[in-house]
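Quick notes on the structure that follows.
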Amino acid sequence: MAWIYLIIAGLLEIVWAIGLKYSHGFTELIPTLITIVTIVISFYFFSNALKKIAVGTAYAVFTGIGAAGTAILGMTVLDEGANIGKILFLGLMIFGIVGLKLISTEETEREES
């Protein structure tokens, strides 16, 4: 369940990162409210994930999901431009996130046995 919480927290980070852009420095009411609410909910899920997942691994995955997801939405939805370098390094970031998950699962299974 901790990994599900962590994924939800990371996905919500994407929402609040995009919300920061549309809040225009917290001067637009609705985007500001959405941003603040999603920050609070995101950190709630992140803090629950930390009960079972090591903080270094959890934080790397949390920020990785947020950074990769925000960059992908920026390129696809917000027309921020894409190039082979961005795509390559985003792929490496996602590969690293999956790797951390796989290694973390193995460590947990070893600790339990």
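The values are calculated or read from the model by the stated rules, or taken from the named source; none is laboratory data. Since the model is a prediction, treat every value here as computed from it, not as a measurement. Please note: Cβ atoms are built from the backbone with ideal geometry, for glycine as well, and neighbour counts cover all protein chains shown. Just the protein is used for accessible areas: all its heavy atoms, side chains included, with ligands, DNA and RNA removed. Shrake-Rupley method; radii C 1.70, N 1.55, O 1.52, S 1.80 Å.
Within segment 17-37, is even one residue basic (Lys, Arg) and within 21 Å of residue 4 (Cα to Cα)? Lay out the reasoning, then the answer.
Step one: filter segment 17-37 for residues basic (Lys, Arg), giving 21.
Of the ones still in play, those that are also within 21 Å of residue 4 (Cα to Cα) are none.
Within segment 17-37, none of the residues are basic (Lys, Arg) and within 21 Å of residue 4 (Cα to Cα).
Only one residue in 85, 81, 56, 74 is at positive phi and without any contact (Cβ under 8 Å) to a residue 60 or more places away in the chain, so which one is that? Don't jump to the end; show me each part of the working.
Working: 85 fails: at positive phi; 56 fails: at positive phi; 74 fails: at positive phi.
Sole residue among the options that is at positive phi and without any contact (Cβ under 8 Å) to a residue 60 or more places away in the chain: 81.
Given (1) outside any loop (DSSP other than H, G, I, E, B); (2) open to solvent by 70 Å² or more (accessible area, probe 1.4 Å), where does residue 8 come up short, assuming only one miss?
(2)
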